[in-house]
Amino acid sequence: MQSPDGDVFDCVLSHLQPAFDHPLLKGHKPLVRQFIDSSYPPLPKGNETSETEEIAESFQQWHDSGESCPEGTVPIRRTTEKDVLRANKLRRFGKKPIRHLRRDSSGNGPLTTPQLLQHAVVFVNGDQYYGAKANINVWAPKVTDPYEFSLSQIWVISGSFENDLNTIEAGWQVSPELYGDSYPRFFTYWTTDAYQATGCYNLLCSGFVQTNNKIAIGAAISPRSSYRGRQFDIGLMVWKDPKHGHWWLEFGSGLLVGYWPDFLFSHLRSHASMVQFGGEIVNSRSTGGGHTYTQMGSGHFADEGFGKSSYFRNLQTVDWDNNLLPLNNLHLLADHSNCYDIRQGRNGVWGTYFYYGGPGRNIRCP
């Protein structure tokens, strides 16, 4: 199928998708087949959030073609020769930069590497977490260097920040290197060794098992929010299925995309020790030549508020008994607040929320 944005999607038989090339998934059958006569993994309880009329849900641009994949197949974005040739390093195609991490999840701070990756995030730690949920405002930030990216996502984290970090990640990103354009795209990521060798974006390596024939990972999101205009967001939830132990991903209103089998992980096989929400950019000029102009979120600072600044709303975590809970003991971090900042709040409509982002290089961020 050809998407209006130029992407091509193939409908691949569920049992032939890339996930099953992983050695640990040999002989594994997609769980969707087992749930036909019973049920999908039980959704977390207590999901009571209010919607506002001024916000609409974003979906995926490839649906504008009016086509979809038949039952028993999953849509997979076709990787082209141009995609591979754009990679800065071929052996790192589909992977995030290796991070020289300095903090661990039992300490006082989250995943952060000021020299290359810069963040404006909120996080919780110090407890056992079995999932996370949020609505994420969708924009199309400007990325000024082909090897930089700008993303907004949820991180579910466990392990140390040395070499055995486990993460599950989902959100939207603009990455000219990975996709060849400047559209915000729905993405996933995972690693079990602090981004060194395991895991990748989307379905570019084996591991994540897709079960949905209507959602394409890596597809452009449409419509997008505009400054002083209409706002759009996507609902995302990652949670650990209490029945089988796998980590499931929900997109939008009740669309289960698929799952990361628990046996892919070491620390996340049991639970997460940190959950993080927010934005991340690559600043490839951080070692000299001034800060990048790459934007985070809407490209505007948090204090500009609704319709101008980007937001996360209805932030929740999942506890051991599969209950959605509001966040307690929330921490805020902006690596470079003159470049990208963050402000948190709470009300009866949005629950726990925050505004975040910024323009990158400016008079206060040289």
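The values are calculated or read from the model by the stated rules, or taken from the named source; none is laboratory data. Everything quoted here is computed from the prediction, not taken from an experiment. Backbone-built Cβ (ideal geometry, glycine too); neighbour counts: all protein chains shown. To get the accessible areas, we keep the full protein, side chains included, count just its heavy atoms, and leave off ligands, DNA and RNA. Shrake-Rupley method; radii C 1.70, N 1.55, O 1.52, S 1.80 Å.
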For LYS89, list the lysines whose Cα falls under 24 Å from its own Cα; do not include residues on the same chain fewer than 8 positions away. LYS142
Within the chain, helix-based [θ] at 222 nm, where runs of 4 or more DSSP H residues each add -39,500 (n - 2.57), nearest 500: -500 deg cm²/dmol
Overall form of segment 234-317 per C-alpha gyration tensor (a/c, 1.5; a/b vs b/c): oblate
Using modelled backbone amide H atoms (1.01 Å from N, in-plane), which distant-in-sequence or interchain residues come within less than 5 Å of HIS22's amide H? GLY207
Sequence neighbours fewer than 8 away in the same chain don't count; with that in mind, list the aspartates and glutamates whose C-alpha is under 14 Å from LYS95. ASP83, GLU148, GLU169, GLU177, ASP193
In the chain, carbon and sulfur make up what percent of the accessible area (probe 1.4 Å)? 48 percent
Which is the longest stretch in the chain that no exposed loop site breaks, taking sites as GluC sites (Glu not before Pro) with a DSSP loop state and at most 10 other Cβ atoms within 10 Å? 72-366
Note on the chain: alpha-carbon gyration tensor, axes a ≥ b ≥ c; rule is a/c under 1.5 for rounded, else prolate if a/b larger than b/c, else oblate; result rounded
Can you give the FRET efficiency for ASP181 and ASP10, using 1/(1 + (r/R0)^6), R0 = 25 Å, r = Cβ-Cβ distance, to the nearest 0.05? 0.85
If the limit is 28 Å between Cα atoms, which of LYS82/LYS240; LYS96/LYS214; LYS29/LYS214; LYS26/LYS82 go over it? LYS82/LYS240; LYS26/LYS82
Would you work out if segment 273-324 is rounded, prolate or oblate? Take a ≥ b ≥ c from the square roots of the eigenvalues of the alpha-carbon gyration tensor; rounded if a/c is under 1.5, else prolate when a/b is larger than b/c, oblate otherwise. oblate
Just the accessible area per residue of the chain, please: how many Å² with a 1.4 Å probe? 40 Å²
